[in-house]
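First the structure, in the form of structure tokens, and then the observations on it.
The values are calculated or read from the model by the stated rules, or taken from the named source; none is laboratory data. Everything numeric in this text was worked out from a predicted model, so none of it was measured. A quick note on method: Cβ atoms are made from the backbone with ideal geometry, for glycine too, and the neighbour counts reach across all protein chains shown.
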Amino acid sequence: MVSEYTLTAGEGVESDSDSDSDDSDPCDNGIQEPWESDIDCGGPICVACDLGQACKVDSDCDSAICADGLCSDNPCEQANACPLIAAPCLQSLCDPELGCVLEPVPNGNPCSDTGPMDPPPGTCFDGICIDDCGPCEEEFSGPCRVGICDLLSGECAAIWTQEGELCELPGGMGEGLCFEGSCAPFDFGSLIFSSDFGDPNAGWIVDEPWQIGNAIGSACSDNGIDDPLTDADFDEGGQLAGLLIGGCLPPEPTQKACITSVPIQVPFGSELILRYWEVADLTPGTARGSVEIFDGKIWIEHLEAAPQVPLWSEQTIPLELPPIPEIQLRFCFEASEGASLYSGWSIDNIEVVCTNCRP
Ligand SMILES: [Ca+2]
Ligand SMILES: [Ca+2]
Ligand SMILES: [Ca+2]
């Protein structure tokens, strides 16, 4: 270490000390000479100073640590106590006990050093500078997936979402199902039941006033919603099921009446969706429709029908069921004292789709 001090001429030392006592040692005279950092210590000729005494350089101190002008024994108070680290996401921190310790900078810190050996701008993660992925969300997201930046690999990745749920097929191709991150068309192999009411032997059990027959328009509802002229395939006079097809229900109480399917075999562990088309003219609180599933023990209502559906519309219900080998489904209607004439409920194109079955 280079000393800041320059000794003045020997005579000067002597002449200074002359005023106090002839043979006094300048390092033991109780006076701070210009070359001493504190009284009788520090500098090039006197003993090193003790803790807490004034210093200018490390060598002024017995501890060899001069921090903020005072001798210290804390190595972490030394200027540049720990070396700078070239790694962009590591820092050298001083621990009074352990000395310099390498630690990662907080995750998420930008690492954008621009030296030739440095990685491109990125984000620190566990001490490593990871390339930023860029706009993963825009590029990798879709109807059944969400794009994320995988910090470990520094690459965009997609997370599958809504597996087995309905999604919009690209290009306005209608509805599909999310399968392994993509919206896939319905697999006809997974259609385990369907009825368009065109087959008279489909086995439906029909309670009055339900009927299966050809579509006949009505013109009697006080709500202005009529029985449809077509079935759900828009075939005029096509086959459907409805409450008093072509007519209205009187404002009288009606006991619960259902149209019930045959038993439907269900692949073990399958997840099912029920889809159907409907036109409805019911009355909230008075005339009520429901969709029910028999799970092998009891009928469970899965949906209360929307009371007013003026045009053929598709409904989809995920069926949450225990693993059972067989189900039945039924559409039921009941009415308390009604206030008006209403055309009822028409249904068609009933389908049960297995969303996790492969052909
Ligand atoms: Ca002195
Ligand atoms: Ca039909
Ligand atoms: Ca009707």
Given the condition more than 16 Å from ligand 1 (Cβ to nearest atom), surrounded by 18 or more Cβ atoms within 10 Å (Cβ to Cβ), in contact (Cβ under 8 Å) with a residue 60 or more places away in the chain and not in a loop (DSSP other than H, G, I, E, B), answer yes or no: does some residue in segment 146-158 qualify? no
Only one of E168, E208, E180, E252 is farther than 30 Å from D131 by Cα, away from ligand 2 (no atom under 16 Å from the Cβ) and not assigned by TED's automatic domain parsing to the domain that holds L321; which? E168
Some residue of segment 247-255 being within 21 Å of E175 (Cβ to Cβ), out of contact with any Pro (no Cβ under 7 Å at 6 or more places or on another chain) and buried (at least 19 other Cβ atoms within 10 Å of the Cβ): no
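Identify, from the list G269, G246, the residue that is in the same structural domain as S336 (by TED's automatic domain parsing) and within 12 Å of ligand 3 (Cβ to nearest atom).
Checking each option against the conditions leaves just G246.
Return yes when E139 is within 25 Å of the chain's Cα centre (by Cα), surrounded by fewer than 17 Cβ atoms within 10 Å (Cβ to Cβ), modelled with pLDDT of 75 or more and over 30 Å from D231 (Cβ atoms) and no when it is not.
No, not satisfied.
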Is it fair to say L229 is in contact (Cβ under 8 Å) with a residue 12 or more places away in the chain and either surrounded by 19 or more Cβ atoms within 10 Å (Cβ to Cβ) or not assigned by TED's automatic domain parsing to the domain that holds S340 (or both)? no
Can you name every one of the strands (runs of 3 or more DSSP E) wholly within segment 228-327 that holds 1 or more residues which are β-branched (V, I, T) and under 17 Å from N349 (Cα atoms)? 254-260, 272-281, 287-294, 308-319
Identify the residue in segment 191-218 that is touching a Cys at 6+ places or on another chain (Cβ under 9 Å) and either of a type outside the set (F, W, Y) or within 16 Å of ligand 1 (Cβ to nearest atom) (or both) and, among all such residues, is nearest to V266 (Cα to Cα). I192
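To keep it simple, each residue is scored yes or no on (1) assigned by TED's automatic domain parsing to the domain that holds C124; (2) at pLDDT 85 or above; (3) away from ligand 3 (no atom under 16 Å from the Cβ).
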position	(1), (2), (3)
G10	no, no, yes
S21	no, no, yes
P44	no, yes, yes
C66	no, yes, yes
C94	yes, yes, yes
E103	yes, yes, yes
I'd like to verify a number: residues in segment 334-349 that are surrounded by fewer than 24 Cβ atoms within 10 Å (Cβ to Cβ) and either of a type in the set (V, I, T) or closer than 16 Å to D227 by Cβ (or both), how many? 2
Contact list please: Cβ distance under 7 Å, first residue in segment 98-111 and within 17 Å of L152 (Cβ to Cβ), second residue acidic (D, E), pairs at least six apart or on different chains. P104/D126; N107/D126
